[in-house]
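Asks: Below you'll find the structure I mean.
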Amino acid sequence: MPENTGDASALLLGGARLADGRVVDVRIGGARIEAVGAAGSLTVEGTRLDLRGHLLLPAPAEPHAHADTALTSAAEGPPPHRPVDVRRRATEAALLQLGHGATALRAHVRVGGVKGLGALEGVLAAGRSLRGLTELTAVAVPRLLTGVAGADGLAALRDAVDMGAGVIGGRPDIDPDPAGHADAVLALAADRGRPVDLHTDGGDPALLARLAAMAGGFRPGVCLGPCAGLSRLPGDEAARTADRLAAAAVTVVCLPQGGCSCAGLRGIPPVGLLRAAGVRVAAGSGALRDTSNPVGRGDPLEAAYLLASQDGLAPESAYDAVSGAARAALGLPGVRVEAGFPAELLAVRGDGLAGALSLAYSRIVVHRGRVVARTSAVREYLDSGAAAAALDLPRQGRADSGYGGGP
């Protein structure tokens, strides 16, 4: 007899396929998974969603977005950076990425200089308006932090944290004193109890060694990315650097989909080498239709697809880079489709992970136990008579469809 629950607000996901091949019912109460059982074994007095034909996965997270510059590639001249303009773009970008499945995002925002804290103000406002749909955290990214010119950047960074930036960022590669820049970021992060997320090409093993030495035992966590420069190091140097990063529990965030709007960083680190050394490797989207990548999609599943198709990761490992590893990089609890875990889920039409990474057209996104986004795609073909009938292809359903086919 099916197990029942009297909670009218509960959600039942019925007949979903898991990555291990099982077909299950998943009952959700509040923000957590209450029960997982064989298909047809659970009932609910709340809402039932039929997920037959869907693969149910832990939801992705986006560890490296640029919300302040997103969707600006078509702008004539410099895009407006008033808080209201940034808020609108950041909200649209976050909703686009939520539709792809990302229920948590870390947005890197430039602070200081002539723009001051206006962009950060807009991103923080977007985050507040999106509560209940997705979690948007801002990383404050100054330019210079050392010397006379760096005094203003350091002041802006402190003000950004006071304003609400949840993560302290930096760009040591463009500072005349990269090591001093990193020192300043880590010192402020330790003082304020904030995580660190630095933009670096990763081509300087001495800088990475220093960062690893300072990051060891840094409890809020340290992320580095995109780190493409690691691929240009000699093999033995890259291996030693990977070992140092692993020992310090530093996360590397790569950007398989293209460029990064901070300093135009581009490329992929040696993902296999890093993973073999024990480095946590997460994958982010980077630029989303800005001048660094005017065709950026902001799609975590595309990032996983590229890791599998170009870097040789197994589909399971590639998907973990945008889900489990990405959530860990953001300091979020892990998700499994098991009772007691957070109800942060993505349903993708398909019967296996490789197929989902290949196509992934239709998606249903669950955040905090509620369906917050749906994307549906319908594929139809021109009726070609006997061939269509033999293959049982979906056909055009209207005589006026432009193909001349009928139901």
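Asks: Assign unit charges at the C-beta atoms only (+1 for Lys and Arg, -1 for Asp and Glu), then state the dipole size of the range 67-154 relative to its Cα centre in Debye, rounded to the nearest 20.
Replies: 120
Asks: Once you have the Cα-Cα distance between D50 and S129, take 0.36 nm times their residue separation minus that, and quote the gain in nm to one decimal.
Replies: Computed gain between D50 and S129 is 25.5 nm.
Asks: Where the Cα atoms of the range 76-138 are projected onto their three principal axes, how long is each span, largest first, in whole Å?
Replies: 34, 23, 16
Asks: Jot down the radius of gyration and Dmax of the range 80-207, Cα atoms only, both in angstrom.
Replies: Values for the range 80-207 (Cα only, Rg and Dmax): 14.9, 44 Å.
Asks: Given H placed 1.01 Å from N in the peptide plane, which residues other than close sequence neighbours of I33 have an amide H under 5 Å from its amide H?
Replies: G340, F341, A343
Asks: On to the next question. Amide H to amide H, which residues 5 or more places from L136 or on other chains are under 5 Å from it, using H placed in the peptide plane?
Replies: L105
Asks: Please report the spacing between the Cα centers of the range 121-182 and the range 187-202 in Å, no decimals.
Replies: 9
Asks: Still on this model: Please name whichever of G193, G259, Y381 sits farthest to the positive end of the charge dipole of the chain, dipole taken about the Cα centre and charges placed at Cβ: Lys and Arg +1, Asp and Glu -1.
Replies: Checking the options against the dipole of the chain, the answer is G193.
Asks: Kindly identify the range 44-96 as rounded, prolate or oblate by the Cα gyration tensor criterion: order the square roots of the eigenvalues as a ≥ b ≥ c, call it rounded if a/c is under 1.5, otherwise compare a/b with b/c, prolate if a/b is larger, else oblate.
Replies: prolate
Asks: What list of ³J(HN,Hα) values in whole Hz, one per residue of the range 187-194 in order, does the Karplus curve 6.51 cos²θ - 1.76 cosθ + 1.60 (θ = phi - 60°) give from phi, with Gly and Pro shown as x?
Replies: 5, 5, 5, 5, 5, 9, x, 10
Asks: Given 4 °C and 1.567 mPa s, how large is the Stokes-Einstein diffusion coefficient of the chain in µm²/s, with Rh as the Kirkwood radius over Cα pairs?
Replies: The calculation lands on 58 µm²/s.
Asks: Using the Karplus equation 6.51 cos²θ - 1.76 cosθ + 1.60 (θ = phi - 60°), what ³J(HN,Hα) coupling, rounded to whole Hz, does each residue of the range 331-345 give in order, writing x for Gly and Pro?
Replies: x, 9, x, x, 10, 10, 7, 9, 4, x, 8, x, 7, 10, 9
Asks: Apply the Karplus curve 6.51 cos²θ - 1.76 cosθ + 1.60, θ = phi - 60°, to the phi angles in the range 43-58 and return the couplings in whole Hz, x for Gly and Pro.
Replies: Once rounded to whole Hz, the list reads 10, 7, 8, x, 9, 10, 10, 7, 10, 4, x, 10, 9, 9, 10, x.
Asks: Separate question: Pick out which of P78, P60, P220 has the largest mean-square fluctuation in a Gaussian network model of the chain, springs linking Cα atoms closer than 10 Å.
Replies: Among P78, P60, P220, the largest mean-square fluctuation in the Gaussian network model of the chain belongs to P78.
Asks: Then there's this: For the pair Y361 and D243, how long in nm is the line joining their label points, each one 7 Å along Cα→Cβ?
Replies: With each label placed 7 Å out from Cα toward Cβ, I get 5.0 nm.
Asks: Right, here's the next one. Say we join alpha carbon atoms closer than 10 Å with springs in a Gaussian network model of the chain; which of Y319, Y305, Y361 then has the biggest fluctuation?
Replies: Result for the chain, Cα springs under 10 Å: Y361 fluctuates most.
Asks: Moving to a separate point now. Applying a 10 Å radius around every beta-carbon, put 233-240, 337-344 in order of their mean neighbour count, most first.
Replies: So the peptides 233-240, 337-344, ranked by packing, come out 337-344, 233-240.
Asks: Taking 8 Å as the Cα distance limit and 6 or more residues as the minimum spacing, I'd like the relative contact order of the range 104-175 as a percentage.
Replies: Answer for the range 104-175 is 36 percent.
Asks: Label I174 and V148 with points 7 Å out from Cα along Cα→Cβ: what is the distance between them in nm?
Replies: 2.1
Asks: Note the per residue figure in Å³ for the convex hull of the C-alpha positions in the range 146-198.
Replies: 64
Asks: Right, next: I'd like the per residue volume of the convex hull spanned by the Cα atoms of the range 18-150, given in cubic angstrom.
Replies: Once divided by residue count, the hull of the range 18-150 is 155 Å³.
Asks: In terms of modelled amide H atoms, which long-range or inter-chain residues lie less than 5 Å from the amide H of E380?
Replies: Long-range HN contacts for E380: none found.
Coordinate-derived values only; no laboratory data. None of the values given here were measured: they were computed from a predicted structure. Positions of Cβ are backbone-derived with ideal geometry, glycine not excepted, and every protein chain shown enters the neighbour counts.
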